[in-house]
1. Do the conditions hold for SER67, that is, is it more than 19 Å from TYR121 (Cβ to Cβ), modelled with pLDDT of 95 or more, buried (at least 19 other Cβ atoms within 10 Å of the Cβ) and out of contact with any Ser or Thr (no Cβ under 8 Å at 6 or more places or on another chain)?
2. Provide a single number: the residues in the range 110-135 that are of a type in the set (A, V, I, L, M, F, W, C) and at pLDDT below 95.
3. Within the range 91-143, restricting attention to residues that are among the hydroxyl-bearing types (Ser, Thr, Tyr), without any contact (Cβ under 8 Å) to a residue 24 or more places away in the chain and touching a strand residue (DSSP E or B) at 6+ places or on another chain (Cβ under 8 Å), which residue is surrounded by the most Cβ atoms within 10 Å (Cβ to Cβ)?
4. Limited to the range 39-51, what total is found for residues that are touching a strand residue (DSSP E or B) at 6+ places or on another chain (Cβ under 6 Å) and under 18 Å from LYS20 (Cβ atoms)?
5. Any residue in the range 43-60 that is under 19 Å from VAL15 (Cβ atoms) and touching a Gly at 6+ places or on another chain (Cβ under 8 Å)?
6. Return only the number of the condition from (1) in contact with a helix residue (DSSP H, G or I) (Cβ under 8 Å, 6 or more places away or on another chain); (2) aliphatic (A, V, I, L, M); (3) under 23 Å from ALA130 (Cα atoms); (4) modelled with pLDDT of 95 or more that LEU97 does not satisfy.
7. Taking the options LEU82, LEU114, LEU97, name whichever one is of a type outside the set (Asp, Glu) and closer than 22 Å to PRO156 by Cβ.
8. Could you identify the single residue in ASP73, ASP11, ASP30 that is more than 30 Å from GLU153 (Cα to Cα), without any contact (Cβ under 8 Å) to a residue 12 or more places away in the chain and not aliphatic (A, V, I, L, M)?
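The values are calculated or read from the model by the stated rules, or taken from the named source; none is laboratory data. Since we're looking at a predicted model, the values are computed, not measured. With ideal geometry, Cβ positions are generated from the backbone for all residues, glycine too; neighbour counts draw on all protein chains shown.
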Amino acid sequence: MMIIRQETPKDYKEVYELVKEAFASAEHADGNEQDLVEALRKGDAFVPELSLVAEIDGKLAGHILFSKALVGDTTVLVLAPLSVRPQYQRQGVGTALMEKAHRTAGSLGYPYSLVLGSETYYPRAGYRPAEQFGIEVPEGFPSANFMALKLREDAPPLHGSVVYAKEFGI
């Protein structure tokens, strides 16, 4: 049975190892994803309610984190990173984390979530090319991999470029 809950400080060390393990063999990883998680937690853009873990049999199987960003004057969310331990991949852990986080984010009033990721994985969770929402693709990002998801029916239209949390270094 899988339990999805908000991350707590006692999870930080295990989450660090989980993220490192999850990205060790990832195709488009820079090897610093676990350090990004730690930096984002300390920053102004961190949303504690949207830093979630998936627990299976008492062990952390996955983690998802969202941080705040801006498109024009609208605060949006950025999903990064989503991590699932290799032995739990392809078992619905990532999808369950996204579904729970998207519901929570919408109830907190966030209108959109953005992600730079797999053009075959994230569309299964409803993500579409960000350009379709009026969001400019940051320079150097492949447009097929820069996606957005509308979290609320009453989300305002967007137009402009994304200003990420400084921890991303973008």
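1. Spelling it out, SER67 is indeed more than 19 Å from TYR121 (Cβ to Cβ), modelled with pLDDT of 95 or more, buried (at least 19 other Cβ atoms within 10 Å of the Cβ) and out of contact with any Ser or Thr (no Cβ under 8 Å at 6 or more places or on another chain).
2. Of the residues in the range 110-135, 1 are of a type in the set (A, V, I, L, M, F, W, C) and at pLDDT below 95.
3. So the residue we want is TYR127.
4. So the answer is 2.
5. As a first pass, look at the range 43-60 and keep what is under 19 Å from VAL15 (Cβ atoms): 43, 45-60.
From what's left, touching a Gly at 6+ places or on another chain (Cβ under 8 Å): 53-54.
So far as the range 43-60 goes, yes, one or more of its residues are under 19 Å from VAL15 (Cβ atoms) and touching a Gly at 6+ places or on another chain (Cβ under 8 Å).
6. Here LEU97 clears every test but (1).
7. Details: LEU82 fails: closer than 22 Å to PRO156 by Cβ; LEU97 fails: closer than 22 Å to PRO156 by Cβ.
LEU114 is the lone residue from the list that is of a type outside the set (Asp, Glu) and closer than 22 Å to PRO156 by Cβ.
8. Details: ASP73 fails: more than 30 Å from GLU153 (Cα to Cα); ASP11 fails: without any contact (Cβ under 8 Å) to a residue 12 or more places away in the chain.
Answer to the selection: ASP30.
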